[in-house]
Amino acid sequence: MDLDIDTVRVARTRADCVLRPGEAFLGGGTYLYSEPVPEGVTGLVDLTGMGWEPWSVDGAGLRVAGTCTLEQLVSGPGSLGADTGGPYRALGLVAPCVSALTLSSKVARSATVGGNLALGLPAGSMAGLFASLDAVAVIWTSAEGGSREVPVADLVTGAGVVDLAPGEVLREVRVPSAVLAQRTVFRRASLTSTGRTAAMVTGRTGDQGPTIIVTASVAAPLSLHARDHAAVDHWIDRLDSTDAWFEDVHGSREWRAAMTRRLAHEALDELVSA
Ligand SMILES: Cc1cc2nc3c(=O)[nH]c(=O)nc-3n(C[C@H](O)[C@H](O)[C@H](O)COP(=O)(O)OP(=O)(O)OC[C@H]3O[C@@H](n4cnc5c(N)ncnc54)[C@H](O)[C@@H]3O)c2cc1C
């Protein structure tokens, strides 16, 4: 931990969320406290003091606060999804997506959904989870009550690049009720069994047919509507001819492309075999 900062303010009201020069938001701190302080950051504003309800579900769907910890996500919405034939079966996707992060249970107790999305790492599985659930992110743009909504599928636009302007708060993600009872699928590949996720394919049956979301092997989530292997192959072949595949020590481009193809085939087979 390298905490060379001058101030930590605990936000209690929306007005407290207005950043002063040099300040950045603090979620669970599991990234911020594990890395050198980002350039120019001299103070942190702790969003967990806002006291937001971690999650709730009603007729409109599921709402998950930016400050909901990954542990709360699994024990709440994740446990609703454990009933594979029930009205929340899409939430069966929660637990594997949290497991796809290389976090100990101690880290998962603090790490937040908002922090994971705001970081926008390719292996940040909250983007794949909520994009697959057709969620929108609600972003506070000002202290006076301004906000905007972005589909989670469009929130992360590159490796570590997120559609969040400085000072904007990721308040919550909302999953529409129509999605909650739909079937979902999860596949992941990693170079080692406990290694960082190098390719993740999640998907959902929908009114328009299966939707597949690819993350981790690409810099930003990609969506595909496909009904058969040929459509998947055509899509992957097109990606091969571009610079789309992500590469780092956790996997080469070629291997990630091959894994993504295999996982996408498996995911599609599972979704269409009702
Ligand atoms: C051992 C270990 C393993 C990890 N493995 C992974 C992994 O596999 N994949 C992965 O993606 N990450 C991983 N991480 C990084 C990190 O722990 C997670 O991404 C975590 O979800 C970040 O959440 P946080 O609340 O701790 O974020 P913080 O560290 O508090 O903040 C991270 C960033 O998000 C911003 N932020 C936080 N909340 C909000 C909000 N509501 N609105 C706007 N901005 C906000 C902060 O300003 C900061 O820039 C790992 C970390 C550790 C220590």
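The values are calculated or read from the model by the stated rules, or taken from the named source; none is laboratory data. On a predicted model such as this, the values are computed, not experimentally measured, just so you know. Cβ placement follows ideal geometry from the backbone for every residue including glycine, while neighbour counts extend to all protein chains displayed. Surface areas here come from the heavy atoms of the whole protein model, side chains and all, with no ligands, DNA or RNA. Shrake-Rupley method; radii C 1.70, N 1.55, O 1.52, S 1.80 Å.
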For segment 22-64, which residues satisfy the criterion of being under 15 Å from residue 117 (Cβ atoms), of a type in the set (Val, Ile, Thr) and not assigned by TED's automatic domain parsing to the domain that holds residue 120? 30
Going by the conditions given, is residue 67 within 18 Å of residue 113 (Cβ to Cβ), in the same structural domain as residue 174 (by TED's automatic domain parsing), within 13 Å of the ligand (Cβ to nearest atom) and assigned to a loop (DSSP other than H, G, I, E, B)? yes
Residue count, segment 32-64, condition not in a strand (DSSP E or B) and not aliphatic (A, V, I, L, M), comes to 14
Counting only residues that are assigned to a helix (DSSP H, G or I) and open to solvent by less than 80 Å² (accessible area, probe 1.4 Å), which one in segment 211-236 is farthest from residue 129 (Cα to Cα)? 230
Checking the structure you have, find out if any residue of segment 151-163 is open to solvent by 10 Å² or more (accessible area, probe 1.4 Å), acidic (Asp, Glu) and more than 16 Å from residue 219 (Cα to Cα). no
Matching strands (runs of 3 or more DSSP E) fully within segment 81-199 where at least 3 residues are more than 10 Å from the ligand (Cβ to nearest atom) and of a type in the set (Phe, Trp, Tyr): none
Say whether the condition of being among the small types (Gly, Ala, Ser) and open to solvent by 60 Å² or more (accessible area, probe 1.4 Å) is met by at least one residue in segment 28-38. yes
How many of the residues making up segment 5-27 are open to solvent by 30 Å² or more (accessible area, probe 1.4 Å) and not polar (S, T, N, Q)? 14
Of (1) open to solvent by less than 10 Å² (accessible area, probe 1.4 Å); (2) within 10 Å of the ligand (Cβ to nearest atom); (3) out of contact with any Lys or Arg (no Cβ under 8 Å at 6 or more places or on another chain), residue 76 satisfies all except one. Which? (2)
